[in-house]
Amino acid sequence: MSQNMDEINRRRVVITGMGIWSCLGTTLEEVKESLFNGKSGIVFDPVRKEMGFESGLTALLKKPELKGVVDRAHRVFMPEEAQYAYMATVDALKMAGLDAEYMESHDVGLLYGNDSSADAVVKSVDTMREKKNTRMVGSGAIFQSMNSTVTMNLGCLFKLRGINMTVSAACASGSHAIGLGALLIKWGLQDCIVCGGAQEVNPFSIGSFDGIGAFSKRESDPEKASRPFDAGRDGLVPGGGAATVVIESYESAVKRGAHIIAEVMGYGFSSNGDHISSPNVDGPRKSLLMALEQSGVSKEQIGYINAHATSTSVGDTNEAKAIYAVFGDQMPPVTSTKGQTGHEMWMAGASEVIYSILMMKNRFIAPNLNFEHGDEDTSKLNIPAQRIDNYDFDMFLSNSFGFGGTNSTLIIKDVRE
């Protein structure tokens, strides 16, 4: 690599494409309208109760129709989350102006967050037990059941020839994918990378979470169940889908004549080195501080914080403490879009970047849905329970934290023409 460190540190990373498959919509316009109107994507699923779930709450997603879009010979390799990711990536590539000819002649990379493929594993094991014959499982099961299923499928379908890797970091997976991709571009190792996160929504993928009492029990009013930062929160609501962002060097985007949406200014990360499921304060605080330092911006320049806050008691409290420790009285609006979407898990770090960009571009902050009363710690934050209109900001910070104590923080800046 011929560049010196000063040149590397000046290499800018920009976002040129976005696509999403969410309970708030399957196009950027649908999602923007849902955010603006404070629409919830949470429903009650009676099937989960029949399966023995304590909570039947879940996000409701539209199922992709891939017949006539993806060859049957390849569809057999695609589990639920890979289908969501395919649909999101088609839109992101189109927005970025990346066609098949470009991707076949350039080393476009792929980093995608995913940390499970439970449905495919369960079905394969059930078949083996019932049929007593491994050949009955089918060849597609291999590729559906591996954790790297999303990147294997996307890499082949779009003929991507750069880095190809799944980022498996629990609920910070999607955020780490973008952050790590930005570092590779900043270091000159790649010019363009497709990044994102995907999460399956079937009951098998989250049954163990239900078993430890992690989910809200407010089944009588599903839309009010996910309550980030609210004193009355009683657990998260599972969600999912997929979100894709195309990131590339500023030079690459300009050379291609691509429309630049935003710039990745900073990426912070840390590990709590503590309890496997209970977050602490110091780890998230370090991630926030690192992102600010790496971006070279001051906390006063951050116009909005998209919090990780999943609507759990300890998680929301400790994140509130970490945010307050860093921002103090210089507190911008803080919300968690999980009030509308539930916890999108491996997808969340990528989707929440898209949600925040849509708000930034359209000059509003979606309400922190179901926030009525703060507790001792969350009341110290500037949490809007109602939509903020005509709010002009050009930089936001997005937190994503995961089991095992993995933390990721991204700082994104608007690019306006």
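Observations
- Of all residues in segment 1-33, those satisfying the criterion of being among the polar types (S, T, N, Q), assigned to a loop (DSSP other than H, G, I, E, B) and either at pLDDT 95 or above or closer than 13 Å to LYS186 by Cα (or both) are GLN3, ASN4, THR26, THR27.
- Residue among ALA177, ALA141 that is in contact with a helix residue (DSSP H, G or I) (Cβ under 6 Å, 6 or more places away or on another chain) and in a helix (DSSP H, G or I): ALA141
- The residues listed here are HIS176, HIS106; of these, the one that is closer than 16 Å to GLU248 by Cβ and at pLDDT 95 or above is HIS106.
- Residue that is surrounded by the fewest Cβ atoms within 10 Å (Cβ to Cβ) [pool: residues in segment 295-324 that are among the small types (Gly, Ala, Ser) and touching a residue at least 60 places away in the same chain (Cβ under 8 Å)]: SER313
- Selected residue (criterion: surrounded by the most Cβ atoms within 10 Å (Cβ to Cβ)) from residues of segment 124-145 that are closer than 16 Å to PHE204 by Cβ and within 31 Å of the chain's Cα centre (by Cα): GLN144
- Residue match in segment 81-93 (condition: in a strand (DSSP E or B) and touching a Lys or Arg at 6+ places or on another chain (Cβ under 9 Å)): no
- In segment 153-166, the residues that are under 10 Å from TYR112 (Cβ atoms) form Cβ pairs under 9 Å with partners that are surrounded by fewer than 18 Cβ atoms within 10 Å (Cβ to Cβ) and among the basic types (Lys, Arg), at six or more places apart or across chains, as follows: GLY155/ARG161.
- From ASP394, ASP329, ASP389, residue being farther than 20 Å from LEU236 by Cα, at pLDDT below 95 and surrounded by fewer than 24 Cβ atoms within 10 Å (Cβ to Cβ): ASP329
- Considering segment 64-73, the residues that are over 15 Å from ASN153 (Cα atoms) and not acidic (Asp, Glu) include one that is surrounded by the most Cβ atoms within 10 Å (Cβ to Cβ), namely PRO64.
- Output for segment 284-294, where each listed residue is surrounded by fewer than 23 Cβ atoms within 10 Å (Cβ to Cβ) and either closer than 26 Å to ARG233 by Cβ or under 22 Å from the mean Cα position of the chain (by Cα) (or both): ARG285, LYS286, LEU289, MET290, LEU292, GLN294
Per-residue answers, yes or no, for (1) out of contact with any helix residue (DSSP H, G or I) (no Cβ under 6 Å at 6 or more places or on another chain); (2) under 17 Å from PRO222 (Cα atoms):
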| position | (1), (2) |
| --- | --- |
| THR27 | yes, no |
| THR58 | yes, yes |
| ALA73 | yes, no |
| MET78 | no, no |
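- One residue alone among ALA253, ALA243, ALA258 is closer than 23 Å to LEU160 by Cβ, under 23 Å from the mean Cα position of the chain (by Cα) and surrounded by 19 or more Cβ atoms within 10 Å (Cβ to Cβ), and that residue is ALA243.
- Qualifying residues in segment 343-386 (those that are aromatic (Phe, Trp, Tyr) and within 23 Å of ILE411 (Cβ to Cβ)) - the one surrounded by the fewest Cβ atoms within 10 Å (Cβ to Cβ): PHE364
- Put simply, of ILE163, ILE276 the only residue that is surrounded by fewer than 24 Cβ atoms within 10 Å (Cβ to Cβ), farther than 23 Å from GLY404 by Cα and among the β-branched types (Val, Ile, Thr) is ILE163.
- Residues that are within 27 Å of LEU358 (Cα to Cα) and out of contact with any Asp or Glu (no Cβ under 8 Å at 6 or more places or on another chain), drawn from segment 205-234: PRO222, GLU223, LYS224, SER226
- Sub-8 Å Cβ pairs linking a first residue in segment 74-99 that is surrounded by 17 or more Cβ atoms within 10 Å (Cβ to Cβ) to a second residue that is among the hydroxyl-bearing types (Ser, Thr, Tyr) and assigned to a helix (DSSP H, G or I), at least 6 apart or interchain, are PHE77/THR149; MET78/TYR86; MET78/THR149; PRO79/SER145; PRO79/THR149; GLU81/THR149; ALA82/THR149, ordered by first then second residue.
- The residues of segment 305-353 that are part of a helix (DSSP H, G or I), of a type outside the set (Phe, Trp, Tyr) and more than 30 Å from VAL194 (Cβ to Cβ), listed by number, are SER313, VAL314, ASP316, THR317, ASN318, ALA320, LYS321, ALA322, ILE323, ALA325, VAL326.
- Checking ILE411, ILE365 one by one, the residue that is of a type in the set (Val, Ile, Thr), over 30 Å from PRO203 (Cβ atoms) and in contact with a Gly (Cβ under 7 Å, 6 or more places away or on another chain) is ILE411 and no other.
The values are calculated or read from the model by the stated rules, or taken from the named source; none is laboratory data. This is a predicted model, so every value here is computed, not measured. All Cβ positions, glycine included, derive from the backbone under ideal geometry; neighbour counts span all protein chains shown.
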